[in-house]
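Visitor: The structure's right below; bear with me while I get my questions together.
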Amino acid sequence: MAKTADNRFPYSIGHVAKVTGIPVSTLRSWEGQGLLSPQKSESGHRSYGEAHIDRVRRIDRMRRVDGQSLSVIRRLLDSEEEQAPPAAVDEEAASVVAFNNLGARVRSLRQEAGLSLREVSERTDIATSHLSMFERGVAFLSPARLNALAEVFGRTLAELLGGTKGRDFPVVRRGQGRIVGSFGPGVAIEQLTVSQRLMDAEVWTIDPDRESDGFYAHEGEELIYVLEGALELALADRDVEVLGPGDGAYFNSRIAHRWRNPGTVPAKVLWINTDSSRLSAMSFEKSDRRLGLGAGLGEGALSLELPEGARTFRVIETHTEGHPTHILIEPLEGLDAETVAGKARQFAERYDALRPMLLHEPRGHSGAFGLVPVASTAADFGAFFISSYGYPGFCGHAVMGYTAALRALGRLSHTPRFTIEVPDSILTVQVGVEGDAEAIALDMPPAIVVEPGRAVVLGGRTFNVAIVLCGGCYALIDAEVDGVALTLNEIENLLAIGAGLRSQLNETLPRRHGMQPAVESVLFHAPDEAGLSRQFLAIDRQKFDRSPGVAGLACLLALNTARGTAAPGTRLDAVSLFGGRLTGEVSAATHGAGGAVAVTTRITGRAHLKGMATLIQEAGDPLGSGFLR
């Protein structure tokens, strides 16, 4: 039997690497990720057969041609193995299918948007019959028409075509880019890097007489450099130019433009685009550590000379009804888990040092809050949260702040209602509700009333405390009933009471099946003269929410529903001690066994941009990683 096994698996890992062009280190990495299962001897020696070589080639093609991530490839291959024995792969046929996958992707986007073929046709001036053939993979569309399709779904052309993924080495060898043939015969694109960083770099090969099929425009800027042949370029505000080898053009992509190969031989063009709506960051090589600041102070262009070893991180600053969110937009390698919760764990393992650097003093404070945008396969957007004290699974004010940033970046122009995957759930968000274009409405996860009332004695005083879950565990105090003043002058007293109550509750609360979380925050609430709910959310002895508290308002509505003073349709306006306002409405309520009540709510508020910043961490700064008092 041993001899038979050797005959079936005659190849070494070095031979497989040689015939497939995949480095040995990559093959071992794929094995570690469950993509390959070579035959192993008792001593651990690996051996491979023809089926392994075919699988390696297929994995490589799925990465380069289809742009699939390794985790997706593994799921697809595992699913095929479960359903049927592996079949031989016809590489030429597989390439044709891969080229035409764009039609299926567009059909999926159209169906998700609830649009008919006729409606898309009316928005793009593409014949319904041609759209139908394109979706079925039997017809192609020109770049101009594909760009029009991308705009319908609120995407860039690069996002529609798909991009390179998972490449962790800066060098791309000749012929090793991802091949795109979605423009049909006569136009081939080799993607060097797309949708990963600020620049999309591609090499286009355009046959004679092939053209863009009219003018088109999009966000960003682009650079064209002709390597071989000739390219005719027309910009809406300029005369037509013919570029030859060594000629280049640089222009704002918002200017309508078209192109054509006027020559008799194929044109090869290096084409680089920047997407101004893409979250990205500045980085600095050792050879040039200057940070440009633009013109100012009457001295022309200014720049900072960064010390050796300095690192930079770019952020967008927002606030939601008073509470700030620092949105980290630095691209980070290695956040490739399948879920947002998994990506948050990867960040905690690899980049936790960024959290205090971004949020603690001397840059921030104990109550500062951050958000890290990531890709999601389950929702339109993904994000997880960071704070001075850890990694919360949910934060309503940060979601609203991120929404304000997405709106300013132009990412919501076609999708005013969208979903965001966060570690605890998938949320639905809507921009522009009840006639207010700036309002942001968040459909909250259910708030569950655990205890509508519990007496807690603290410092000789008795407080009636309710316990409600909504992302975290909240203790609610009716400040009017318990004689607690809700004023700016009483913040220190409110924080002290909140810390004392949290400590006592966490010592005495029963653990429900071992899952009852520790009380994280205490919400003080009381009606004011105008009928608003005046609110203060104490997080710990030194931390508090500057807004009325998004989750806190959801908890209060749930408590009122459990007590019979609210029902679906009931609205409540809340105001913070600093003047920030939120509006909550009960959407639905479910009464369960044992008196448990689960209530879903919609919380509406506003978030505003406060700035963009490039943060600097000098290598020699002893306090650069942050500290808390």
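Visitor: When you scan the stretch 482-490, do you find a residue that is at positive phi and open to solvent by 20 Å² or more (accessible area, probe 1.4 Å), even just one?
Guide: Kept after step one, since they are at positive phi, are these residues of the stretch 482-490: 483.
This time we only want the ones that are open to solvent by 20 Å² or more (accessible area, probe 1.4 Å), so: 483.
Within the stretch 482-490, one or more residues are at positive phi and open to solvent by 20 Å² or more (accessible area, probe 1.4 Å).
Visitor: Look through the stretch 609-624, keep the residues that are assigned to a strand (DSSP E or B) and closer than 14 Å to PRO307 by Cα, and return whichever of them is most open to solvent (accessible area, probe 1.4 Å). Walk me through it before giving the result.
Guide: Initial filter on the stretch 609-624 (assigned to a strand (DSSP E or B)): 609-617.
With closer than 14 Å to PRO307 by Cα added as a condition, the list becomes 615-617.
Details: LEU615: 19, ILE616: 51, GLN617: 24 Å².
Of everything passing the filter in the stretch 609-624, ILE616 is most open to solvent (accessible area, probe 1.4 Å).
Visitor: Give the residue, chosen from GLU159, GLU221, that is surrounded by fewer than 18 Cβ atoms within 10 Å (Cβ to Cβ), outside the structural domain of TRP271 (by the TED database) and either at pLDDT 60 or above or in contact with a Ser or Thr (Cβ under 6 Å, 6 or more places away or on another chain) (or both).
Guide: Working: GLU221 fails: outside the structural domain of TRP271 (by the TED database).
The conditions single out GLU159.
Visitor: In the set ALA485, ALA439, which member is out of contact with any Leu (no Cβ under 8 Å at 6 or more places or on another chain) and free of Cβ contacts under 8 Å to residues at least 12 places away in the same chain? Before the answer, list the steps.
Guide: Working: ALA439 fails: free of Cβ contacts under 8 Å to residues at least 12 places away in the same chain.
Going through ALA485, ALA439 in turn, just one is out of contact with any Leu (no Cβ under 8 Å at 6 or more places or on another chain) and free of Cβ contacts under 8 Å to residues at least 12 places away in the same chain: ALA485.
Visitor: Mind checking which residues of the stretch 608-629 are under 27 Å from VAL433 (Cα atoms) and either free of Cβ contacts under 8 Å to residues at least 60 places away in the same chain or in contact with a His (Cβ under 7 Å, 6 or more places away or on another chain) (or both)?
Guide: Across the stretch 608-629, the qualifying residues are HIS608, LYS610.
Visitor: For the stretch 207-229, name all the residues that are farther than 9 Å from SER253 by Cβ and among the acidic types (Asp, Glu).
Guide: ASP207, ASP209, GLU211, ASP213, GLU228, listed by residue number.
Visitor: (1) out of contact with any strand residue (DSSP E or B) (no Cβ under 8 Å at 6 or more places or on another chain); (2) at pLDDT 90 or above; (3) loosely packed, with under 15 Cβ neighbours inside 10 Å: which one isn't true of ARG254, the others all being true?
Guide: (2)
Visitor: Can you list the strands (runs of 3 or more DSSP E) lying wholly within the stretch 424-468 that have 2 or more residues being open to solvent by 70 Å² or more (accessible area, probe 1.4 Å) and over 22 Å from THR604 (Cβ atoms)? Break it down stepwise before answering.
Guide: Working: elements: 426-433, 436-443, 447-458.
Answer list for the stretch 424-468: 447-458.
Visitor: Which residue pairs have Cβ atoms under 7 Å apart, sit 6 or more places apart or on different chains, and have a first residue in the stretch 109-120 that is farther than 16 Å from ALA150 by Cβ and a second that is surrounded by fewer than 16 Cβ atoms within 10 Å (Cβ to Cβ)?
Guide: Qualifying pairs under 7 Å: LEU117/THR128; LEU117/SER132; ARG118/THR128.
Visitor: So, in the stretch 234-250, exactly how many residues are out of contact with any Leu (no Cβ under 6 Å at 6 or more places or on another chain) and either open to solvent by less than 20 Å² (accessible area, probe 1.4 Å) or outside the structural domain of ILE206 (by the TED database) (or both)? Spell out the reasoning first.
Guide: Step one: filter the stretch 234-250 for residues out of contact with any Leu (no Cβ under 6 Å at 6 or more places or on another chain), giving 234-240, 242, 244-248.
Imposing the further condition that a residue be either open to solvent by less than 20 Å² (accessible area, probe 1.4 Å) or outside the structural domain of ILE206 (by the TED database) (or both) reduces the set to 234, 244.
The qualifying residues number 2.
Visitor: Next up: Go through the residues of the stretch 374-385 one by one and say whether even a single one is within 18 Å of VAL550 (Cβ to Cβ) and in contact (Cβ under 8 Å) with a residue 60 or more places away in the chain. Show your work before the answer.
Guide: Let us first name the residues in the stretch 374-385 that are within 18 Å of VAL550 (Cβ to Cβ), namely 381, 383-385.
When the remaining residues are screened for being in contact (Cβ under 8 Å) with a residue 60 or more places away in the chain, the result is none.
No, the conditions are met nowhere in the stretch 374-385.
Visitor: Let me ask something additional. Would you mention how many residues in the stretch 367-386 are over 20 Å from ALA613 (Cα atoms) and not in a strand (DSSP E or B)?
Guide: Going through the stretch 367-386 one residue at a time, the tally reaches 6.
Visitor: Okay, moving on. Among the residues of the stretch 328-339, is there at least one that is on the phi > 0 side of the Ramachandran plot, in a loop (DSSP other than H, G, I, E, B) and surrounded by fewer than 21 Cβ atoms within 10 Å (Cβ to Cβ)? Before you say what the answer is, go through the steps one by one.
Guide: Looking only at the stretch 328-339, we keep the residues that are on the phi > 0 side of the Ramachandran plot, and these are 334.
If we keep only those that are in a loop (DSSP other than H, G, I, E, B) too, we end up with 334.
Then drop every residue that is not surrounded by fewer than 21 Cβ atoms within 10 Å (Cβ to Cβ), which leaves 334.
Taking every residue of the stretch 328-339 in turn, at least one turns out to be on the phi > 0 side of the Ramachandran plot, in a loop (DSSP other than H, G, I, E, B) and surrounded by fewer than 21 Cβ atoms within 10 Å (Cβ to Cβ).
The values are calculated or read from the model by the stated rules, or taken from the named source; none is laboratory data. Predicted model, so just to flag it, every value in this text is computed and none were measured. No Cβ is skipped: glycine too gets one built from the backbone with ideal geometry, and neighbour counts run over all protein chains shown. Heads up: the accessible areas ignore ligands, DNA and RNA and are worked out on the full protein's heavy atoms, side chains in. Shrake-Rupley method; radii C 1.70, N 1.55, O 1.52, S 1.80 Å.
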